[in-house]
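*Asks:* Mind having a look at this structure? Questions to follow.
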Amino acid sequence: MSMAGNLRKVGSLGKVGSLGKVPGLRKVGGLRRVARLGRRGARVDLSHPARSPLGSSVVNCVTYHKGVRQPPGRDLVESVERVRKASDGFVWLGLHEPTEQEFASIADLFDLHPLAVEDAVHAHQRPKVERYDQTLFAVFKTVCYVEHTELTATSEVVDTGEIMVFVGHDFVITVRHGRHGSLGPLREELEATPDQLAKGPATVLHAIADQVVDDYLAATDAVQSDIDQVETAVFAPDGQRVDPGRIYQLKRELLELKRAVVPLGRPLQVLATQPMRVIAPEIQAYFRDVDDHLKRATEQIAAFDELLNSILQAHLAQVTVAQNEDMRKITAWAAVIAVPTMVCGMYGMNFDHMPELHWRFGYPLIMSLVVTVCFTLYRGFRRSGWL
């Protein structure tokens with residue numbers, strides 16, 4: 001299909017107007033980003049005059065020329081035409097959980113591969129990077145730490161989502177799935193450094209990867225606080241009373257975090273090392289920095305997994321020791337009680353001729369003997385630590 005035909009096909013897309021601030025979950029932690037494409041400005045308000053939904057799933061559509069945001073066009077088609085005529089800019093189209101019908105016209109306009117479109121619409125993909133002709137398709141798993149007052153056996157610790165990114169020589173399409181991971185603040189930060197945006201769509205791809213990995217580090221730092229709390233509770237004097245479900249729940253949530261973080265290692269290496277048409281070599285150097293941050297998050301998760309295994313084993317050992325102590329106490333008291341039980345059992349038999357049965361001092365003698373033996377056993381068990 002020709003480009004003109006593509007433009008006519010999507011002519012029914014809505015116009016760009018104003019859009020309110022996009023809600024997102026609060027980011028945990030204030031980790032400092034290192035070695036970025038440029039120094040980012042402070043986060044600003046998301047209420048921008050050009051923000052308007054082009055449909056039920058389109059969050060924003062912005063045109064940039066030499067890194068500077070341009071006035072909005074009447075619709076997406078006009079914005080794309082303007083960029084391709086100028087040949088020195090790109091379009092950034094942001095969507096949130098689009099349907100197949102909503103994404104079909106956009107896919108035709110930008111000539112996106114059907115397999116990549118299917119992945120972007122249905123989500124639930126592993127982190128990956130794929131090349132389709134002149135288009136690069138990247139999938140990132142987003143992570144958000146879920147605040148909770150107390151860790152229980154049913155607490156949700158991390159929440160995951162996805163961001164799919166289509167990158168061409170004159171466009172960036174971001175498709176977000178999940179309740180968090182809003183790219184509005186990131187867009188505002190990039191617009192504060194037009195020199196970096198002027199380097200092309202690859203700058204946006206790097207910024208997204210950088211933000212995703214920084215969120216990983218923030219989540220791992222927050223998870224470490226939960227692990228420290230569980231560790232403190234386990235090694236407390238009454239640690240054997242800790243609910244093991246808390247530890248298992250933390251391990252399950254850590255596994256979900258691991259599934260999001262670890263598979264991203266290979267795609268970042270591809271972005272940092274393999275030559276690609278849509279990514280300039282100077283941009284690839286920054287992907288190596290993001291890969292270093294990812295390795296740090298991966299190492300932390302591996303260490304957390306081993307630490308939780310150790311904490312669980314320590315908890316089980318404490319429970320076993322506590323049970324052994326209880327059994328020793330029960331055994332010691334049973335031995336003490338066995339003495340009067342044996343004596344009473346003997347003299348409870350109905351025999352007419354028994355020693356000391358009719359003796360005047362028989363009862364005091366037997367009771368004194370029982371008390372003496374029981375006291376001796378008690379002192380012996382007490383000294384050995386059984387009682």
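*Asks:* Among the residues of segment 136-162, which ones are more than 17 Å from R176 (Cβ to Cβ) and touching a His at 6+ places or on another chain (Cβ under 7 Å)?
*Replies:* S155
*Asks:* Which ones in segment 125-152 are assigned to a loop (DSSP other than H, G, I, E, B) and within 16 Å of the chain's Cα centre (by Cα)?
*Replies:* The answer is Q125, R126, P127, V146, E147, H148, L151.
*Asks:* Same structure, new question: Within segment 182-276, which helices (runs of 4 or more DSSP H) (wholly inside it) include 3 or more residues that are of a type outside the set (A, V, I, L, M) and open to solvent by less than 10 Å² (accessible area, probe 1.4 Å)?
*Replies:* 201-234
*Asks:* Can you list residue pairs whose Cβ atoms sit under 8 Å apart, with the first residue in segment 177-194 being on the phi < 0 side of the Ramachandran plot and the second being open to solvent by 20 Å² or more (accessible area, probe 1.4 Å) and part of a helix (DSSP H, G or I)? Count only pairs 6 or more apart in sequence or on different chains.
*Replies:* Hits for this filter: L190/Q196.
*Asks:* Another question about this same structure. Among (1) buried (at least 18 other Cβ atoms within 10 Å of the Cβ); (2) farther than 24 Å from L217 by Cα; (3) of a type outside the set (D, E, K, R), which single condition is P127 missing?
*Replies:* Exception for P127: condition (2).
*Asks:* A further question follows. Which residue pairs have Cβ atoms under 7 Å apart, sit 6 or more places apart or on different chains, and have a first residue in segment 255-268 that is in contact (Cβ under 8 Å) with a residue 24 or more places away in the chain and a second that is polar (S, T, N, Q)?
*Replies:* E256/T160; A260/T160; V261/T298; V262/T298; G265/T298
*Asks:* Working carefully through the options V139, V91, V83, find the one that is under 30 Å from R252 (Cβ atoms) and either open to solvent by 40 Å² or more (accessible area, probe 1.4 Å) or not acidic (D, E) (or both).
*Replies:* Sole residue among the options that is under 30 Å from R252 (Cβ atoms) and either open to solvent by 40 Å² or more (accessible area, probe 1.4 Å) or not acidic (D, E) (or both): V139.
*Asks:* Please verify whether V121 is in contact with a strand residue (DSSP E or B) (Cβ under 9 Å, 6 or more places away or on another chain), in a helix (DSSP H, G or I), open to solvent by 10 Å² or more (accessible area, probe 1.4 Å) and among the β-branched types (V, I, T), treating the condition exactly as stated.
*Replies:* yes
*Asks:* Hey, another quick one. May I ask you to verify whether I301 is part of a helix (DSSP H, G or I), modelled with pLDDT of 80 or more, surrounded by 15 or more Cβ atoms within 10 Å (Cβ to Cβ) and in contact with an Asp or Glu (Cβ under 8 Å, 6 or more places away or on another chain)?
*Replies:* no
*Asks:* So, of the residues in segment 279-290 that are under 11 Å from H206 (Cα atoms) and in a helix (DSSP H, G or I), which turns out to be most open to solvent (accessible area, probe 1.4 Å)?
*Replies:* Of everything passing the filter in segment 279-290, R288 is most open to solvent (accessible area, probe 1.4 Å).
*Asks:* Could you say whether any residue in segment 135-148 is aromatic (F, W, Y) and over 26 Å from A285 (Cβ atoms)?
*Replies:* Checked segment 135-148: at least one residue is aromatic (F, W, Y) and over 26 Å from A285 (Cβ atoms).
The values are calculated or read from the model by the stated rules, or taken from the named source; none is laboratory data. Only a predicted model underlies this, so the values are computations on that prediction, with no experimental measurement involved. For neighbour counting, all protein chains shown are included, and Cβ atoms are generated from backbone atoms with ideal geometry for every residue, glycine included. In case anyone asks, the SASA skips ligands and DNA or RNA and just uses the protein heavy atoms, side chains included. Shrake-Rupley method; radii C 1.70, N 1.55, O 1.52, S 1.80 Å.
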